[in-house]
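Have a look at the structure below before the remarks.
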Amino acid sequence: MANLSNLKSDIQDVKEILKITGAMELVATAKLKKIGKKTVNISKYVEKVYEVFIEIISNADRSPYLGSAERHIDKTLWVIVGSNLGMCGSYNSGTHKKLSQNIKENDLIYAIGSKVVSYCNSNKYKIWDSYLNLDVDFTSDMSKPIANKLLEGYLNNDFQSIKIIYQHFINNMTTEPKITNVFPIAKSKKESQGGNMIYEFEPSADEILNSTVSLYLNTLIYGAFIEGQLSEFSSRRNAMESANKNGDEINEKLSLEYNRKRQEKITQEITEIVAGTNAQG
């Protein structure tokens, strides 16, 4: 059974940990609010860019970005959005699990975040490249070099497919890993109530496609990064909130045990004093 000195030390250790988890919860909450303001508008913009690009490529004749039954995919590049820091619940592990369920032997990884790099190294996945400069002030201009490198690799046939895995933000309590297919893209089969939708492009759909593909790819990368960060801060805040609650409960139990033992010691000392006095009398 723990003595008073050990209990006092344990209580102090729990208080120190609570200071850290409390500070981390405050930081995560502040960053969550900051990134949350970006995400609302960006998610709508990403959806619209994706929708428009699908319509453009559906009207193109021949394109390296167009999927077909004859197109052989020997190697896929998986762009995995993770974090540099831990202590964020299942944020990273959920994404890692999604990757492990879908990756094939020849596939490559573009790792965003040191946690992704560590996971890939431990599982001997092939890292094609990585990006570790994660920041809450990340902008679309900062994602352009990533998009350009991915596009260059795709056109050079370093891989025949690009997919993104990131944590999709549902609400402050829930996120889930999501896969977005980037290339190649299948033609849209969407129809209106009056029949097939007809679009006219000026210049041609092929010309528009070649001039907008960089915007499309950059938008998807940026959108996945921002939503991933929102999910990360949400998960970390929830994890730290839970840690603080558990810490308070442990601290309360230790304090009760400490006070009980302290009272027992005082009672024992009084008993010994009284017994000694009676013996002298």
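Worth pointing out:
- In segment 68-126, the residues that are touching an Asp or Glu at 6+ places or on another chain (Cβ under 7 Å) and among the polar types (S, T, N, Q): Thr76, Ser83, Asn106
- Test result for Lys163, over 19 Å from the mean Cα position of the chain (by Cα) and either closer than 15 Å to Ile221 by Cα or aliphatic (A, V, I, L, M) (or both): no
- In the set (1) under 24 Å from the mean Cα position of the chain (by Cα); (2) modelled with pLDDT under 90; (3) within 18 Å of Ile54 (Cα to Cα), the condition left unmet by Ile170 is number (3).
- Among the candidates Ser93, Ser114, Ser122, Ser118, the residue that is free of Cβ contacts under 8 Å to residues at least 40 places away in the same chain, within 17 Å of Lys178 (Cα to Cα) and out of contact with any helix residue (DSSP H, G or I) (no Cβ under 6 Å at 6 or more places or on another chain) is uniquely Ser93.
- Applying the condition of being basic (Lys, Arg) and over 15 Å from Asn6 (Cβ atoms) to segment 230-264 and asking which residue is surrounded by the fewest Cβ atoms within 10 Å (Cβ to Cβ) yields Lys245.
- Cβ-Cβ under 9 Å pairs, at least 6 apart or on other chains, segment 163-188 side at negative phi and in a strand (DSSP E or B), far side among the aliphatic types (A, V, I, L, M) and loosely packed, with under 14 Cβ neighbours inside 10 Å: Glu176/Ile170
- Among the residues listed as Asp74, Asp141, the single one being among the charged types (D, E, K, R), at pLDDT below 90 and closer than 26 Å to Ala186 by Cβ: Asp74
The values are calculated or read from the model by the stated rules, or taken from the named source; none is laboratory data. Remember, predicted model here, so these are calculated numbers, not experimental data. Here the Cβ is made from the backbone with ideal geometry for all residues, glycine too, and neighbour counts use every protein chain on show.
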